[in-house]
Structures are given as C-alpha cells and as structure tokens.
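The block underneath contains the structure these notes are about, expressed in structure tokens.
Only the coordinates and a few stated rules stand behind these numbers; no lab work does. Worth saying up front: this structure is predicted, and the values here are computed from it rather than measured. Here the Cβ positions follow ideal geometry from the backbone for every residue, glycine too, while neighbour counts run over all protein chains shown.
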Amino acid sequence: MTDVGVSADLSKLRVRTVEIRDDEVVLIDQRVLPHEERYVHCRTWREVAEAIRDMTVRGAPAIGVAAAGGLALAAGEAAASADDPAAFRAALDEAAAGLTATRPTAVNLAWAVAEMRAVWERELAAGAERARPAAVAAALLARARAILADDVARCLAIGAHGASLLGPGDAVLTHCNAGALATAGYGTALGVIRSAYARYGDLLVWVDETRPWLQGARLTAWELEVEGIPYRLISDGMAGYFMSRGEVDAVVVGADRIAANGDTANKIGTYTVSVLAREHGVPFYVAAPLSTVDLSVASGAAIPIEERPEDEVTTFRGVPVAPAGARARHPAFDVTPAANITAIVTEAGVLRPPFGPALAAACGGAT
C-alpha cells in the first residue's frame, strides 16, 4: 500500500496487542480483560488460528496482523522440517487456508494472508538461494513485522485526519472496541478519539457496552482508563436517549469490511446506532485503514456475516443469563448503509459521499 508518511515507534505503545517474535506470536488475551492482563504465546500457526477463532485476539486489523505472524510461524516450522520447496509451499497453503477460514467477515485477515502469499510466491519463483525455505521464512517474518508496524502507522494517520472532525468539549459515542486492542496498538475509531483528546484536552466518550461480548464495557473502557480519557459507560439501549437530549456530538466506529459503495460491516448493533444518529442529526463517522475496503464487493448485501454460537448470548463467561433451553441467534456483525455514514476516515484522508468514487480513488494508490 502507499506510504502514509507517518512513522511508528512501537516502543511507545501503551498497549501491545500483537508481538511477532522469531519463534512465537504473543497476544494480549482479550477474553480476560479488564480484570486480568494476560498474554498468550502462540508457537504454531494453528495456535494463532485458535486464538483468532476463540476471540483471544479480535478486531479486524489485529487479526490480520496476527494471521501474518501465524504464517511466519508456519514458514519457520516448515523450513525446519524440510528443504523441499514443493512441500514448503504446500505447508504454507495449508496454513493460509486455515487462518483465512477462522473469521469470514473481516477482510483485513484475507488481505494480510494475500500480502504474505505474494512474498512467498515471489521468493519461491526467484530460484537459487532466495527460494530456499529458510530464506523464504526469513522474508516472511520480515514482512509480518512490517505489516504490524505499517498498521500502527496507518492508525496514527487515521487519528490525525479524524481529529479534525471533532472539536473541544465534544461528547463522542463509540460502539464495540476499535482501539489499540483491535489493531496492532493504536486504534482506528479510538485512534481518532486519542488524537482529538491530545489536540484539545477536552473530550467525553460515551462507551456502548456492546452485548454479548461486552467489548465496549471490558475493552474500550479499559483503554480509555489507561489513557486517562474521560468516558461514561452506557448500555446499548441508552444511545438513543442521550442523542435525543443533545448529549452526543458525533459517533465514531471502526469497520470490519467496507464495500465498494461505502456500506460498512461492523460489530452487531452498529447499524442501530447509525439509524439513531441519522434520526437525531448526529454525524456518523467510520474510521478504518484502506485494507478494510473490499472493492470486489459491490454493496453490503454481499458481505458474509459470521454467526457465532448461541451460548454466547444465553450465557456470559459460563454463567446462564437466560432460561435453560432458551434458543438464541448471534450474528456477530451488521451492515450500516452508506446513506447513514457522514464520512469514512482512512490513512489517505477523510472521504465524503459519494463513497464509490472516493473509495476507488483512495484505493487506487494501494497495492
């Protein structure tokens, strides 16, 4: 993708969501936050895949970075067991398929896998020393680390662009978690909020709890607490109340996939917030890197929506919250139509309607 002109000093990140080491991918365990800060050490691509599947790591950019790290692990493991390029390629293909299948809605995961595939295909086709599995594995490890640093840089750029949409004293509502925990360490929607708070020093964040996983209550609130940014936690059903009273100046959310026309898939409940915002004349902003844009999908109707297990609704952390035998549905995402979106903030700048031409032009500089 194109250079964003922003460097990322990873040592200054307060939250390290993903670390890609020589022989392991280290993930902060988001299932146990905010009560415990625990890290999971994945030493195989299958362990990374399971961590994505069971929500140890979540958030579209973060799972893309984790998947890149998982492929680097797969390459290291395959290179150590065989020096045959054909067997090496087969092992990488298996890992790529397994990682891609973990969560279907977030396009960043497939994007990161494609970025890694481009590296091994290029290196294996080069012949001679570059095609040796050990050399390819080293190239893949370097690319995975570059994807991580690149994500932080792009989020910093998103934050800088998006801060201009907010003003001193604004009260901003966000849904789910699109912060450091959802990325490699800075955030998209919370990146905008972080940057605005650094600029103005006067901001209030309304945090939707985000049932059933409570990413807002557990994760966004935890991040804002760490950063010292003022916030108030509310239940999902309270957003309309505060909008009706004029107590919400803007909504900023992340995205898991943005269709070519601007329709946006994000955590379940986002669509409802967008309808409320439109009804009350509140600007509704989506913040996401261009890797979240899928120009191959014409509209939100074609975005696959992951449906997760019923017991994630009927229980919480193993404790029943519904009658025994209760049936449930759990679509993990919904689609906000482009008509409800005021602007999409990317590392390329703030995009305004009509989103089709704006997204196409912004992605024209991406590779």
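General observations
- Taking only Cα atoms of region 10-156, radius of gyration then Dmax in Å: 14.8, 52
- This ranking places Met116, Met55 by how few other beta-carbon atoms lie within 10 Å of each, fewest first, which gives Met55, Met116.
- Using the rule -39500 (n - 2.57) for each DSSP H run of four or more residues, divided by the residues of the chain, the 222 nm mean residue ellipticity is -12500 deg cm²/dmol.
- Degrees, to the nearest 10: 85-100 long Cα axis against longest axis of the chain: 10 degrees
- Percent of beta bridges antiparallel (DSSP, region 256-367, rounded to nearest 5): 70 percent
- Cα-based helix-to-principal-axis angle, 60-81 vs the chain, degrees rounded to 10: 10 degrees
- Rg/Rh ratio calculated on Cα atoms of region 58-113 (Kirkwood radius): 1.03
- Mean Cα-pair separation over length for region 10-156, i.e. relative contact order, pairs under 8 Å, 6 or more apart, %: 24 percent
- Sequence-distant contacts, meaning Cα pairs under 8 Å at least 6 residues apart, place the relative contact order of the chain at 17 percent.
- Across Arg218, Arg257, Arg317, mean-square fluctuation computed from a Gaussian network of the chain (C-alpha pairs under 10 Å connected) peaks at Arg317.
- Shape call, region 179-245: gyration tensor on alpha carbons, a/c limit 1.5: oblate
- Here the relative contact order of region 154-230, from alpha carbon pairs under 8 Å that lie six or more residues apart, stands at 35 percent.
- Amide H contacts of Glu347 (H built 1.01 Å from N, under 5 Å, at least 5 apart or other chain): Leu290
- Remark: the Cα gyration tensor places region 216-335 in the oblate category, a/c being 1.5 or greater and a/b not exceeding b/c.
- This ranking places Asp256, Asp22 by how few other beta-carbon atoms lie within 10 Å of each, fewest first, which gives Asp22, Asp256.
- Convex hull (Cα only) mean projected area of the chain, reported in nm² to one decimal: 18.1 nm²
- Region 161-363: C-alpha gyration tensor shape, a/c 1.5 cut-off, then a/b vs b/c: oblate
- Placing dummy labels 7 Å off each Cα toward the beta-carbon, the span from Arg53 to Ala324 is 3.0 nm.
- Considering only Ala79, Ala106, Ala322, the mean-square fluctuation computed in a Gaussian network model of the chain, springs between alpha carbons under 10 angstrom, is largest for Ala322.
- Computed over the chain with a Gaussian network model linking Cα atoms closer than 10 Å, the most mobile of Ala255, Ala217, Ala328 is Ala328.
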